[in-house]
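Inspection log for the structure reproduced underneath, given as structure tokens.
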Amino acid sequence: MLRSLCFVVLCAVGLTACGTDAVEADDTLGSTQQGLACEVETGACRGTTTTCAWLSNGSGEGLCRPKCSSTGTCPSGQTCFTQPNGQPYCNGVRL
């Protein structure tokens, strides 16, 4: 009985040792700043305000980034970049 009780106590302490505050994955990983990966093959991104910024290394992969406005401008001091196979996108650096 004592062995079972010790096991339960140690498990409870081990589970709470990392803290009890819930943290969203987006906050931890900075997804909003980094951009989520585009859907494989189609290049689709969630929502209507983002487009796939294909990586320049030819890997066929890309990140969802905000679309440039129709006037070629971006919010937050970002730059509007064009790409051969896709819509212009906003980012701090060319991908």
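The values are calculated or read from the model by the stated rules, or taken from the named source; none is laboratory data. As the structure is a computational prediction, the values presented were derived from the model and not from experiment. Cβ sites come from the backbone with ideal geometry, for glycine too, and all protein chains shown count toward neighbours.
Do you know which residues across region 48-95 are assigned to a loop (DSSP other than H, G, I, E, B) and among the charged types (D, E, K, R)?
GLU61, ARG94
When the residues of region 77-95 are filtered to those that are within 18 Å of the chain's Cα centre (by Cα) and not aromatic (Phe, Trp, Tyr), which remaining residue is surrounded by the most Cβ atoms within 10 Å (Cβ to Cβ)?
Residue satisfying both the conditions and the ranking: CYS90.
For SER70, which of the numbered conditions (1) surrounded by fewer than 12 Cβ atoms within 10 Å (Cβ to Cβ); (2) at pLDDT below 90 fails to hold?
(2)
Consider THR42 carefully, then state whether it is modelled with pLDDT of 60 or more, within 30 Å of THR82 (Cα to Cα) and either touching a strand residue (DSSP E or B) at 6+ places or on another chain (Cβ under 8 Å) or of a type in the set (A, V, I, L, M, F, W, C) (or both).
no
Yes or no: CYS45 under 14 Å from the mean Cα position of the chain (by Cα), assigned to a loop (DSSP other than H, G, I, E, B), on the phi < 0 side of the Ramachandran plot and without any contact (Cβ under 8 Å) to a residue 40 or more places away in the chain?
yes
Do we find that GLY72 is within 20 Å of PRO84 (Cβ to Cβ) and in contact with a Cys (Cβ under 7 Å, 6 or more places away or on another chain) in this structure?
Against the criterion (within 20 Å of PRO84 (Cβ to Cβ) and in contact with a Cys (Cβ under 7 Å, 6 or more places away or on another chain)), GLY72 qualifies.
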